[in-house]
Amino acid sequence: MIRYTLKRLLSLVISLAVASVVIFTVIEVAPGDPASFMLGLNAQPETLAALRTELGLDASKLERYVTWITGMLSGDFGTSYTYRTPVADMVTQRMWVSVPLAVYALALSTVIAFPAGIYAAARRGRAGDVGVMSATQLGVAIPNFWFAMMLVLLFAIKLRWFSAGGFVGWDKGLFAGLHSLTLPAIALALPQAAILARVMRSALLDVLGEDFMRTARAKGLTARQALWRHGLRNAMIPVLTIIGLQFSFLLAGGIIIEQVFYLPGLGRLIFQSISARDLIVVESVTMLLVFAVIFVNFTVDMAYAAVDPRLRART
Amino acid sequence: MSLLSIQNLTLSIHSFDILHDVSFNIDAGEIVAITGESGSGKSMTALAAMQLLPQGAQTTGRVMLGDDDLTQRSEAELCAMRGNDIGMVFQEPMTALNPVKTIGDQVAETILIHEKTTKAEAHKRAADTLTRVGLPQPRFPLSRFPHELSGGQRQRVVIAMAIALRPRLLIADEPTTALDVTTQAQILELLVKLAREDGMGLMMITHDLAVVAAMADRIIVMRKGEVVEQGDTARLLHDMQHPYTKMLFAASSHEVTLPDITATEPLLEVKNVCRDYRTPRKTLFGKPGSFRAVNNVSFELKRGERLGLVGESGCGKSTLTRALLGLEPIEEGSITLCGEPVFTGTKPNLAVRRHMQVVFQDPYGSFNPRHRVSRQITEPFHLLDTPPTGAERQQVIDEALIAVGLTPADADKYIHEFSGGQRQRIAIARALIIRPDLILFDEAVSALDVSVRAQILDLLAELCETHNLSYLFISHDLSVVRTITDRVLVMKSGEIVEQGQTEDVFTNPQHPYTKTLIEAAPVLPDLKGATT
Amino acid sequence: MNRNLIIGSLLSALFLLAALVSFIWTPFDYTALSIPDRLQSPNGTHILGTDHFGRDILSLIMVGARTSIAVALVAVGIGMGIGIPLGLWAAARRGSLIDEVIMRGNDLVFAFPSLVIAILITAVFGAGAINAIIAIGIFNIPVFARITRGAALSLWEREFILAARVAGKSAARISVEHILPNVTNLLIVQGTIQFSLGILAEAGLSYVGLGAQPPIPSWGRMLADAQTMVSLAPHMALMPGFAIILTVLGLNLMGDGLRDYLDPRLRRTRS
């Protein structure tokens, strides 16, 4: 178990290192100098040079990479070129929207998908299964941003149950905060729930075909007991993988949904920074998202070991 | 009154007939073996007795347990009965246990679903049951997971689950087919002991007639979903009525006569061969360990000689086979064929390889499903400098197919059009087509039904006559090796522990392991009723 | 033939046809602005209505299909063209350093939130169809590499591959001759799924303004235009949305149908 954990940790560190190099390189080769962008076309060369020095842009690439990384490690994400405020502060503020949104959506997706997938698997081939599977086919095909627009049209414009966009802030209370994230979370969660339900169903069906399920039935377990006691835990292995992937998708998918609902999250921050060529922000936020994804995958690997004793023993 | 009475059972799945008018009884304390080749419906009969039939199965007839007709019982009533009145043991111990639950939990579960008792009490009884099947505490604690046990130990856990509540009837579906011969003997002994101690009826499904003859009180022979013959073991063995029964028993003890050999020139020379496998690192940055799969193996195979290699799973015979074929490098020693090394430097030696071909075990996995037979069997032409083309190529293909008892027209067919036995013939044709000096048969008849196996053995004997074959016959099946080889090697834990003339080794084994192996292997008694 | 395959193929064919026909004919000129006709609901003349510039929505959807299909198709092509050889290579050298490097590289690409990187690429190198294709295509590579390797690994253990090795064939030759034909079905099925994901991704990128640029019409941009008008002219949002949903649904149904149709195990139990 210790070796398994160490191995995963090592792979986490390597992934992060490579990812940081890739992101840094992409940003480096980006056309357009932030300093000249900030000062406009008519800037004096001296002013430009002064600004470049101030922003640390005249250091060598390696130096800047090292500065960036050591900074990130100590929680200093640099200073935004445009806002002249620490990136860390901006990110923290935005995270209070994006992360709750992703978690909310993941919870919704899981709550919808698990019963649907289990129900469909238990009624394989019957009307209930066909019904659930058709619904998921549709769910997978619907673009979440379009679904978001439809939700706005129905629940915000026609029924006026929710506001069409914006975020009230957590200082208005937990309920008000969740209320204003509900439509975005539903829009994000629905296609993911459809995927997860399908994975749940097929993982369960695979497990149902295993020999040990027949053994369980031979002991006198009913089909339902066998499914709950022996099927589910074995089916969780592929399902966990998908949940891990989905979290990253939800963080990223949030970027577009935040646009639809004008939510002040990380996604909007990235867009604003891109159009302002505020590359240090883009760089740091991207790295943060990648870190989140890699870390979630690491957690999923750890969860595997909890579910599957064979993994604990091996490696 | 019988314990189990199956009366006129007919079963179809999606309008495919599986069982037809099957009737037999099992009494309390009686051991009844149901035997037959694949497709005989013997496993489906077992599932029908449990009423655990696949979806879409339709039955007529009755399955009486005492005076209960199980076909009339509701699913809830059947669940209350399964595991309590009837227990079942399956073929594949490696997959029959839930990998994520401890063996204690799995055995205790049988008790917990049928009886109102505490978890602690159920675990205590599970421990007792495990001890009873030969997994004593504290050597095999309840907290073990299935992957921490060997195949034979896992089968004991499955048996413990089945007998925890001392059912009246135990059904065992090919319980030892996946196990080694020494383990098989122990498991069979255990099943018989449990049945006798508890006065339990035992329905034993097996294709292995030697197993049947050794342990059953009564035998039921099935073929294509019908019972062709049944009777007390002693009577049936000595007075077979049905021609199929006679054929089956004859095929099981089928012997062939090999032509005498004359040549003495060495063909394959294996000297001090060692092959290591890397094992995972013990510590994160430590050196990877290594496991010696083949240790200092030396032997010689003369031209025209038929050599056998026997051993149980994990003894290294597959690794040795791969090394002989030049598919994997060896750490130490040398392998030469016709005086040339099969492996030079890091690359296999093609010029040598063309003198050697192989026939594998699985008649279904041995062929690319997307190619026609002609393309499959001509694959070894790749080894030749100037492979035959045009009419000459056609002629070689025809000859090879005819030699193995097929027709030239079969060359244009796809592999799924052939039965298992025919596929094995095609595999032999592929091995023969470049007229190699040596053929390796890697468990080549192990996956076949006995009647088909007998035909393939006949074919080999015939080819020895016509093609003057030299081969290495690798198998775990002692009776087959005994009839089809001149000389035999016995392998254990990567080493050759004994070698000698086949008949000598079998009648007068020297090494203790060889003795165990031969004693453990079930043999058919001499039968008068069987005809060839 | 099963129902999924028939419905899926018909839907996919419908949109492919619409895209092809749009090269020679559309009901109206999709570039022609006509302010008096703007924001018409679906009617006899404009079957799917008009947008805020009075352009015919059906014509825009037909031309938009071109963009979506082209982007998704090329992206799948990139994924297959690079991913399949990588997967075959890794499987042929299983357990070696090169296998490890390929698979770790795959994991790494998977670890990037795809949309974030797609946005990054298009943002840094400029918005446009070509960059959208590259961004989507990169994420198709590990999908195909992984699925090819997985299927190839189990094939390498099969005895017919051993037989080919005994016949002295090289790993490269075995990969092409024996492995590839036996993983084709799987790749076709995955191909349709990635195709549909590509259409969704392209729509998403275009929606945030990073996909195909004006004047090239695309479904995602039509939706972006519709957003501010959604209460005024809901059909502007509904119609391109339906186009996306039906295309993706069609491709997915086709993928499912193909999987059932091509899987010999399933076919045997069916017939």
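Restricting the range B:189-221 to trypsin sites (Lys or Arg not before Pro) that sit in a DSSP loop and have at most 11 other Cβ atoms within 10 Å of their own Cβ leaves nothing.
Based on protein heavy atoms only, the protein assembly as shown ends up with 42 Å² per residue of surface accessible to a 1.4 Å probe. Taken over the range C:118-179, the alpha-carbon convex hull comes to 86 cubic angstrom per residue.
Take C:22-33, B:70-81 and order them by the average number of nearby Cβ atoms within 10 Å per residue, most first; the result is B:70-81, C:22-33. Can you give me the angle between helix B:181-198 and the longest principal axis of chain B, using Cα atoms only, in degrees from 0 to 90, rounded to the nearest 10? Computed tilt is about 10 degrees. Counted by Cβ distance under 13 Å from residue B:265, the other residues give a net charge of -2, where Lys and Arg count +1 and Asp and Glu count -1. All distinct Cα pairs of the protein assembly as shown go into the 1/r average, and the inverse of that average, the Kirkwood radius, is 34.0 Å.
For the listed peptides B:88-98, B:452-462, a ranking on the average number of other beta carbons within 10 Å per residue, highest first, reads B:88-98, B:452-462. Looking at the range C:140-235, the pairs of alpha carbons with a distance over 23 Å make up 51% of the total. Note on chain C: Cα-only Rg and Dmax are 21.9, 77 Å.
Projecting the alpha carbon convex hull of chain B along each direction and taking the average yields 28.5 nm². Please give the Cα centre distance for the range A:267-304 versus the range C:154-168, rounded to the nearest Å. A separation of 45 Å, based on Cα centres. Result for chain A in a Gaussian network model with C-alpha springs under 10 Å: among A:157, A:69, A:256, the largest mean-square fluctuation is at A:157.
Spread over its residues, the convex hull of the C-alpha atoms of the range A:93-313 is 143 Å³ per residue.
Take peptide B:94-106, look around each residue's Cβ out to 10 angstrom, count Cβ atoms belonging to other protein chains, and average those counts.
5
Please report, to two decimal places, log10 I(q)/I(0) for the range B:1-41 at q = 0.26 Å⁻¹ as given by the Debye formula with identical point scatterers on the Cα atoms and no solvent. Cα-only, vacuum Debye calculation for the range B:1-41: -0.97.
Using the 2.2 N^0.38 Å rule of thumb for compact globular proteins, work out how the range B:58-159 stacks up: its C-alpha Rg over that value, please. Cα Rg divided by the expected 2.2 N^0.38 Å: 1.22.
Electrostatic tally near residue B:422: other residues with Cβ closer than 15 Å to its Cβ, Lys and Arg +1, Asp and Glu -1, net 0. Hydrophobic long helices, here whole DSSP H runs in chain C with Kyte-Doolittle means of at least -0.5 and Cα atoms spread over 24 Å or more along the helix axis, are found at C:3-21, C:57-92, C:129-156, C:180-207, C:234-262.
As a quick test, which of the pairs A:219/B:119; B:124/B:193; B:116/B:193; B:119/B:193 have an alpha carbon distance above 19 angstrom in this structure?
B:124/B:193; B:116/B:193; B:119/B:193
Within a straight-line Cα-Cα reach of under 27 Å, residue B:302 can be paired with the following lysines, leaving aside sequence neighbours fewer than 8 residues apart in one chain: B:271, B:317, B:347, B:492, B:515.
Mean residue ellipticity at 222 nm, helices only, chain C: -24500 deg cm²/dmol; runs of at least 4 DSSP H residues each add -39,500 (n - 2.57), and the sum is divided by the number of residues.
Is there a simple number for the mean count of other chain Cβ atoms within 10 Å of the Cβ of residues in C:98-110, and what is it?
That works out to 2 on average.
Taking the accessible area of the range A:93-313, probe 1.4 Å, and keeping the other protein chains in place, the carbon and sulfur fraction comes to 68%. Nearest 100 Å² is fine: what is the total accessible surface buried where chains B and A meet, probe 1.4 Å? The summed interface area works out to 2500 Å².
Relative to the longest principal axis of the Cα atoms of chain B, helix B:151-163 runs at roughly 20 degrees. Annotation: lysines with alpha-carbon distance below 28 angstrom to residue B:224 (same-chain offsets under eight excluded): B:42, B:246, B:413, B:528. The contact between chain C and chain A removes approximately 3400 Å² from the accessible area (both sides summed; 1.4 Å probe; ligands, DNA and RNA excluded). Our Cα-only numbers for the range B:4-252 put the radius of gyration and Dmax at 18.0, 56 Å. Counting only other chain Cβ atoms within 10 Å of each residue's Cβ, the peptide A:135-145 averages 6. For chain B, the longest principal axis of the Cα atoms and the long axis of helix B:390-403 meet at an angle of about 50 degrees.
Just so you know, the Rg over Rh for the range C:72-210 is 1.06, from Cα atoms, with Rh as the Kirkwood radius. Each stretch of four or more DSSP H residues adds -39500 (n - 2.57); spread over every residue of chain A, this sum gives -25500 deg cm²/dmol at 222 nm.
The values are calculated or read from the model by the stated rules, or taken from the named source; none is laboratory data. This is a predicted model, so every value here is computed, not measured. Heads up, the Cβs are rebuilt from the backbone with ideal geometry, glycines too, and the neighbour counts pull from every protein chain shown. Note: accessible area is taken over every heavy atom of the protein model, side chains too, but ligands, DNA and RNA are not part of it. Shrake-Rupley method; radii C 1.70, N 1.55, O 1.52, S 1.80 Å.
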